[in-house]
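K.L.:
Structure incoming, see below.
The values are calculated or read from the model by the stated rules, or taken from the named source; none is laboratory data. Since this is a predicted model, take the numbers as computed values, not measurements. Positions of Cβ are generated from backbone atoms using ideal geometry, with glycine treated the same way; all protein chains shown enter the neighbour counts. These accessible areas exclude ligands, DNA and RNA; they are computed on the full protein's heavy atoms, side chains included. Shrake-Rupley method; radii C 1.70, N 1.55, O 1.52, S 1.80 Å.
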Amino acid sequence: MTLFLQILVMIFSAVVDIWLFCLFAQIKHGKLDWLLLLAFEAVLSVALSNFQTYSSLIYETGLEILLFCGYFYLLKKAGRFRQLLGAGLLFGIISLVIQLSMKVLVSLLPLPSYFYFDAFMNLLLPLAALALLIWQRQRITSLLTDVNSGILVSLLAYLYFVCCAIGAYILDDKKPTEVVLLFFFLLIFQAIFLAVIYREIVHIQRQLLDQQKQEALARQKQLLVKENEQLKEYADYLD
């Protein structure tokens with residue numbers, strides 16, 4: 001990849017990360033925020049460029065999450081920390097999944113270097129993910145702000161560390177295609193499994209809440225019956 005394409009991909013990736021974070025965290029950012037965050041992103045990318053490894057993206061993503069959450073929560077005093085952390089973990093997972101997807105595609109479709117495959121996929125995959133996330137943004141933001149957001153953020157944190165572990169294992173070294181596919185499908189299975197767990201936990205909580213409401217209504221009914229009986233006895237006494 002040429003230097004121009006590297007800079008283009010770096011700027012595009014930084015803009016997408018900042019925009020997604022602010023979108024899910026429901027933060028209104030100004031021009032100064034954009035300039036500062038892009039400057040921090042540039043410093044971060046330059047600082048990690050000496051490693052020249054795919055796994056350095058894992059460190060970069062983790063530092064981005066800390067940077068965004070710290071900037072908006074500590075400096076700007078904007079948003080709730082749980083929602084900020086959830087937004088950061090979400091774009092971090094998306095970034096790592098994109099890199100892992102590229103690794104799978106490179107393993108399955110080895111192409112000559114002049115195709116600039118890395119640059120093309122670094123632009124195409126984020127755009128596809130961006131379109132999907134914009135389509136589901138209301139659903140995602142509601143999940144990050146409802147009463148069960150703590151459960152969702154915990155599961156996102158687990159999935160993020162799974163992505164980091166799998167990425168650290170398969171991104172740098174030239175692993176056989178079978179190994180890359182095995183770990184990629186393992187990640188997909190983990191994501192599906194966590195989605196099922198989240199759904200079941202929310203379902204159980206709603207059942208418990210409905211049961212508590214029914215018990216409260218039953219107690220109120222008993223009190224009303226008791227009060228009616230007392231009023232009837234008092235009326236009979238007056239007669």
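K.L.:
Sorted by packing (mean other beta-carbon atoms within 10 Å per residue), highest first, where do 77-88, 187-198 land? It would help to have the intermediate numbers written out before the result.
P.N.:
Numbers: 77-88: 19.2, 187-198: 13.8.
Most protected by this proxy first, the peptides run 77-88, 187-198.
K.L.:
Across bins of 5 angstrom width beginning at 0, how are the C-alpha pair distances of region 17-96 distributed, in whole percent?
P.N.:
3, 16, 28, 25, 17, 8, 3, 0
K.L.:
Can you give me the solvent accessible area of S154 with a 1.4 Å probe, rounded to the nearest 10 Å²?
P.N.:
Approximately 70 Å² of S154 is accessible to the 1.4 Å probe.
K.L.:
Moving to a separate point now. Please compute the alpha carbon radius of gyration of region 53-108, then divide it by the globular-protein estimate 2.2 N^0.38 Å. Two decimals is fine. Show your work: numbers first, answer last.
P.N.:
Numbers: Rg = 13.7 Å, N = 56, 2.2 N^0.38 = 10.2 Å.
Compared with the compact-globule rule of thumb, region 53-108 sits at 1.35.
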